[in-house]
Amino acid sequence: MKRRDFLKGAAVVGAATAGASALAAPAIAQGKRELKMVTTWPKNFPGLGTGAERLAKRITDGTDGQLTVKVFAAGELVPPFESFDAVSNGTADLYHAAEYYWQGKSKGFNFFAAVPFGLTASEHAAWIYHGGGQELWDELSSKFNIKPFMAGNTGVQMGGWFNKEVNSLEDYKGLKIRMPGLGGEVLRRIGAAAVSLPGGEIFPSLQSGAIDATEWVGPWNDLAFGFYKVTKYYYYPGFHEPGTALSSGMNMKVWESLSKSQQGAVKNAMAAENDYTWAEFNARNNNALDTLLKKHNVKLKKFSNDVLQAIGAASGDVVKEAGATDDLTKKIYASFIQHRKQSIAWSKLSDQAFANARLLPFKY
Ligand code: CA
């Protein structure tokens, strides 16, 4: 952050808290700064916008107000998909988003959100925290003057909302579906016309018939957008986003200007919000699914194994191609694939084996 912006930010804090800009000087003396957080989400959108607000509060509280974080919803300061550039060039200080939105900068960013048939939330956290993921992410984001953190996870997403049944690959031919990132590319390979739209534009597009189908997140978020009012077929599983990490990136100069204790408070806030958001998605999806099925008569459908097999094969190709686009992305891809291989072997004996065992028809 430039000195000029720093002074401007401090003046805003002084004016807002004391109602007199004359108090700006003492505020600077105390080292108080206001940081602008831009997001890719509508204001207070469940889980995403509210997670960003909670993260801001954690940083503010954790530094005793030395760093006061003000949140800007999508479009308030910059358009949603320009959040990355805004933080990179210092227009904003940090963002709350999902990294695949930046795949136009480098395909490597996809691996730090989710890729089709990739990692679950717990496998992803294992890679980032303990499998070399964070170091690779730091290397990638530092090229753009950004320090990245995990800041939430949606868990396994749903496959999406369709205005007709999709029983075979034929049903995907020409289907106009909203699916961003590599998932969208996978569907294009099997003949669909996939488009990327920010959250706030999905419902109107579905209603007008501009798109026939959409994915968003899961029952909780999808209920909030009201997709059930236009489409009734709700498919699972969300092969394209098996555990999407939400993230927050801070302008590198801002990060480096923080004291050790402020950096510690920011890191702790990120880690705490990462877990809290992840748990909240699981809790709220349970209730929202009941509401969708019982109150709104949504028809739940599972993708056929034939469809999943074909999409899985296309996913392998698309992810491999994305992973070969430049030298750093090749390193990221190699690390990710190695971790995925080990995760499949362990998950098969742990989470997957247990979840299957729990479905046996015993009385409990
Ligand atoms: Ca999604």
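The values are calculated or read from the model by the stated rules, or taken from the named source; none is laboratory data. This is a predicted model, so every value here is computed, not measured. Backbone-built Cβ (ideal geometry, glycine too); neighbour counts: all protein chains shown. Protein only, heavy atoms only, side chains kept; ligands, DNA and RNA dropped before computing areas. Shrake-Rupley method; radii C 1.70, N 1.55, O 1.52, S 1.80 Å.
Would you mind working out the magnitude of the charge dipole of the range 222-331 relative to its Cα centre, with +1 at each Lys and Arg C-beta and -1 at each Asp and Glu C-beta, to the nearest 20 Debye?
Numbers: 14 positive and 12 negative charges, 90 e Å.
So the dipole magnitude of the range 222-331 works out to roughly 440 debye.
Counting only DSSP beta bridges with both residues in the chain, what percent are antiparallel, rounded to the nearest 5?
Numbers: 16 of 34 bridges.
Percent antiparallel among DSSP bridges in the chain is about 45.
What distance in nm separates the simple spin-label points at Asp290 and Leu349, each placed 7 Å from Cα in the Cβ direction?
3.7 nm
Pop the C-beta distance of Asp171 and Ser259 into the FRET formula with R0 = 51 Å and round what comes out to the nearest 0.05.
Efficiency at R0 = 51 Å is approximately 0.35.
Cα centroids of the range 243-283 and the range 140-194: how far apart, whole angstrom?
Taking the Cα centre of the range 140-194 as reference, the centre of the range 243-283 is 25 Å away.
Using a 1.4 Å probe on the protein heavy atoms, what percent of the accessible area of the range 96-199 belongs to carbon and sulfur?
52 percent
I need the calculated FRET efficiency for the pair Ala334 and Ser208, taking r as the beta carbon distance and R₀ as 45 Å, to the nearest 0.05.
Working from the Cβ atoms, E equals 0.55.
Along the positive direction of the dipole of the chain (beta-carbon charges: Lys, Arg +1; Asp, Glu -1; about the Cα centre), which of Gly159, Asn305, Ala193 reaches farthest?
Comparing the listed Cα positions along the dipole, Gly159 ranks first.
For the chain, what does the accessible surface come to per residue with a 1.4 Å probe? Please give it in Å².
45 Å²
Tell me the label-point distance for the pair Thr325, Tyr364, using the 7 Å Cα-to-Cβ offset, in nm and rounded to one decimal.
Spacing of the two 7 Å Cα→Cβ label points: 4.2 nm.
Tell me the carbon and sulfur percent of the accessible area for the range 268-349, rounded to whole percent, probe radius 1.4 Å. Present the calculation step by step, with values, prior to reporting the outcome.
Values: 2510 of 4790 Å².
With neighbouring chains kept in place, the figure for the range 268-349 is 52 percent.
Assign unit charges at the C-beta atoms only (+1 for Lys and Arg, -1 for Asp and Glu), then state the dipole size of the range 273-337 relative to its Cα centre in Debye, rounded to the nearest 20.
Charge dipole of the range 273-337: 460 debye, to the nearest 20.
Bin width 20 Å, alpha-carbon pairs only: give the P(r) of the chain as whole percents, running from 0 to the bin holding the largest distance.
Once binned at 20 Å, the Cα pair distances of the chain give 29, 55, 15, 1.
Once R0 is set to 45 Å, what does the formula 1/(1 + (r/R0)^6) return for the Cβ-Cβ distance between Arg189 and Asp61, expressed as a FRET efficiency to the nearest 0.05?
It comes out at approximately 0.45.
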